[in-house]
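The values are calculated or read from the model by the stated rules, or taken from the named source; none is laboratory data. Here the structure is a predicted model, which means the values were calculated and not measured. Note that we place each Cβ from the backbone using ideal geometry, even for glycine, and neighbour counts take in every protein chain shown.
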Amino acid sequence: MKGYMGKILFVNLTTGDIEERLIPDHIYEMLLSGVGLGAYVLYNEIPAGADPLGPENVLGIVSGLLTGTGSFMTGRWMVVCKSPLTGGWGDANCGGTLAPAIKQCGYDGIFFTGISEKPVYLLVNNKGPQLKDASHVWGKDATESEEILISENTAKKKPAAAVIGTAGEKVSLIAGICNDGGRLAARSGVGAVMGSKRLKGIVLVGSKPIKCHDPQAVKLISQAYANKIRKLNLPGIVKGSLLPVGGKVMGSMKHVAPIDGMMFATLMKKWGTPLSNGMAVTNGDTPIKNWAGSSKDYNRSYYSRINSDLVIKREYRKYHCYSCIVGCGGVCDISDIGQGRFTHTHKPEYETCAVFGPLLMNRNLESIFYINELLNRGGMDSISAGSAIAFAMECYEKGLLTLEDTGGLDLNWGNAEAVIKLVEMMIAREGLGDLLADGVKIAAQKLGSGSDKYAIHAGGQEPGMHDSRFDPMMGVHYSVDPTPGRHTIGAAQYYNMTRLWEKVSWAPPVKIYPKNEEYEATDREALKSVAGSCYKQIVDGIGGCLFAQIMGVQHWQAFEWLNAATGWNKTPDEYMLIGKRMQTLRQLFNVKHGVEPKSFKMHPRMAGEPPLKEGPLKGRQVPIEAMMKLHWKHFGWDENTGAPLPETIQQLELDQLLQEG
Amino acid sequence: MQVKVYPLPFLNDDALDEMGNLEVPTGATLRDVYKKLQVPLLLRPVLLCSVNYEKSSLDRVLQEGDVISFFFPITGG
């Protein structure tokens, strides 16, 4: 009765054995659920040096501790594994409807090891779990496969399902796992691991109740939060065309203020994440032309064509993920694009718009909608896929790729038609697409000729579409997180809005401050990045949404919900210690597997080497090595190597915990 | 009494404590808070400001614990 189910399902795909494992209460109290539970299982189960695509790797699909308890915006499901993209800890998360279904089947997570001889899927219903033949859906795209598996297994209740597309089947290292008709847990190559196991999907039809300690207290916190969100609406005068103007103002400001994160909800309710499409170009947040351009290149004649209003013009239905009260999702009509091949697609996220727009100098919004659906069905990460194409375009420009190499595709910047074709080739692993389907790091290794200069990544993973020269703390997290290159971990902007200092004793408070402070490697900035990192672990332990997190701890009351759901009555400082333990365990996983944390340092171009010559980020440089060292130091990790120090491991009681495992 | 203020980057937050709290006399209005924050007169008509997440006029009389937020463009996602 503490919000979690207390057990996991463990499936050996080589032998077909399926077992339930009980998880003791103290594991949850030390690591929460979600990614924390996943780290505990994977650290103990995967032997050092295991091949990420081999039978020893373990793939976990986990839910959050608060999922299904009556708390809001805590319905994300997460995937954990050893990443074939980075060689270390890998995770990805996604919204939609799958997370509560895992718990309704009686589990906090479902873990897979081994490799099946033939394609299979896992069905869990009230009769129990069983592996079933998936030959009939192998080779089909993710959306079609999901529809078939759901249809075949619908009795009284419609199941929830997660599947891989053909990219995962073909073990593309940038493949993700899909649910709800094309929403992806996209990052870290989790789809490649699932494909390597010949596991097409999971289908869940449970009806077990999710019980917690004090449901009435959970409800009261939820109601207070909902009352604020309901009131929030943008005045009609705020149009999408005004957002880039706001971005310009923001980009030119010499100071930063800790604004009310609730204001973000007003924008999200109206546009969803494409709210940033033009605004992030003009303020400097969006990387342009493979991180070498600026808003002088991708100017108004470009960004006005991918404007937020133009995106929602195609939106005919809005939707909410499970337990969400903002509802940033949408479904868009694309029946007039691509000769009617697809009728609709999920509203493309900002990340997809940015990576297939400004990063490629593409201003054809229709192509972005079409590519969005291709990737959703193929089951491929849009951030990594677009970044790989940006790499190819720059190599083409520099003469490292020729028309012969591209199969006749003219890879000039902004050629939308060529980009569509190349995406199709990547999903099918054909021609140049085969080279790019494993991400930029491997593509550059295979291509050689100094092409690594144009392969923008951190530790093997392509970064999100938020420029570290705009928000240096974003660059720190790109470089120090055990899963590098993620834009969802932390940033100065996130920290300022999350307002941890209101509840956590050691989190530095923020008032209005000069923007230049963000570019200095100081103990204060490091403490902020450490606090952001610890809190993000808590969010991933409870199934929380990043957009709820950045509304602020005074609004989205994760600590209070946790106490109400579990009865633990811990202080925010105690929860932050759990976050620190989770993050340290993820780092220990990397150390165990021989990953050198230093090797995750982001590409020099992302740190302003060489500096941009124009635009809002002109001349901006990030002292990333010094920042990484300070971050590690304040985490209690070796400031030179990034390895957790023995005294930190002891203080976090991880030594005892790992001995038990 | 205290109200909570989330200021904009170009305002003056000297009167706020680290939690964003501002001491104002009973009967103070939103206009009084604008003065303390030194909101430029020219900008007053165009700033989008809410009290307790509802649109409010500058003459609104504030209550203990009221939350004053300004809309500001934020990128993310």
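Details
- Flag if A:Ile550 is under 24 Å from A:Asp91 (Cβ atoms) and more than 12 Å from every other protein chain (Cβ to nearest Cβ): no
Every residue, every condition in (1) touching a Pro at 6+ places or on another chain (Cβ under 7 Å); (2) buried (at least 16 other Cβ atoms within 10 Å of the Cβ); (3) under 20 Å from A:Lys503 (Cβ atoms), yes or no:
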residue: B:Pro9; (1), (2), (3): no, yes, no
residue: B:Asn21; (1), (2), (3): no, no, yes
residue: B:Ala28; (1), (2), (3): no, yes, no
residue: B:Leu41; (1), (2), (3): no, no, no
residue: B:Ser50; (1), (2), (3): no, yes, no
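- The number of residues in the range B:1-42 that are over 22 Å from A:Met262 (Cβ atoms) and among the acidic types (Asp, Glu) comes to 3.
- If you filter the range B:22-42 down to residues that are away from chain A (no Cβ under 14 Å) and among the polar types (S, T, N, Q), you find that the one that is farthest from A:Tyr513 (Cα to Cα) is B:Thr26.
- A single entry from A:Gly594, A:Gly619, A:Gly552, A:Gly615 fulfils the requirement of being surrounded by fewer than 22 Cβ atoms within 10 Å (Cβ to Cβ), modelled with pLDDT of 95 or more, part of a loop (DSSP other than H, G, I, E, B) and touching a Ser or Thr at 6+ places or on another chain (Cβ under 8 Å): A:Gly615.
- Tally, over the range A:228-253, of residues that are more than 7 Å from chain B (Cβ to nearest Cβ) and either among the charged types (D, E, K, R) or on the phi > 0 side of the Ramachandran plot (or both): 3
- Test for A:Ala224: is it at the interface with another protein chain (Cβ under 9 Å from one of its Cβ atoms), of a type in the set (Gly, Ala, Ser) and over 21 Å from A:Gly615 (Cα atoms): no
- Answer from A:Pro100, A:Pro55 - the residue that is more than 18 Å from the chain's Cα centre (by Cα), at pLDDT 95 or above, in a helix (DSSP H, G or I) and at negative phi: A:Pro100
- When every residue of the range B:8-21 is checked against the conditions, none turns out to be touching a Leu at 6+ places or on another chain (Cβ under 9 Å) and more than 14 Å from chain A (Cβ to nearest Cβ).
- Flag if A:Thr74 is of a type in the set (S, T, N, Q) and either out of contact with any Phe, Trp or Tyr (no Cβ under 6 Å at 6 or more places or on another chain) or modelled with pLDDT of 95 or more (or both): yes
- Residue match in the range A:507-524 (condition: touching a Lys or Arg at 6+ places or on another chain (Cβ under 9 Å) and surrounded by 24 or more Cβ atoms within 10 Å (Cβ to Cβ)): yes
- Of all residues in the range A:598-628, exactly one satisfies the criterion of being free of Cβ contacts under 8 Å to residues at least 40 places away in the same chain and farther than 19 Å from A:Gly284 by Cβ, namely A:Glu625.
- Qualifying residues in the range A:107-130 (those that are surrounded by fewer than 19 Cβ atoms within 10 Å (Cβ to Cβ) and part of a strand (DSSP E or B)) - the one modelled with the highest pLDDT: A:Gln130
- Residue, farthest from the other protein chains (Cβ to nearest Cβ), within the range B:50-68, restricted to residues that are within 13 Å of A:Leu234 (Cβ to Cβ) and touching a residue at least 12 places away in the same chain (Cβ under 8 Å): B:Ser50
- Pairs linking a residue in the range A:1-25 that is polar (S, T, N, Q) to a residue that is part of a strand (DSSP E or B), with Cβ atoms under 7 Å and 6 or more positions apart or on different chains, are A:Asn12/A:Thr113.
- Counting only strands (runs of 3 or more DSSP E) that fall entirely inside the range A:254-361 and contain at least 1 residues that are closer than 20 Å to A:Gly96 by Cα and within 14 Å of chain B (Cβ to nearest Cβ), the qualifying elements are A:329-333, A:344-346.
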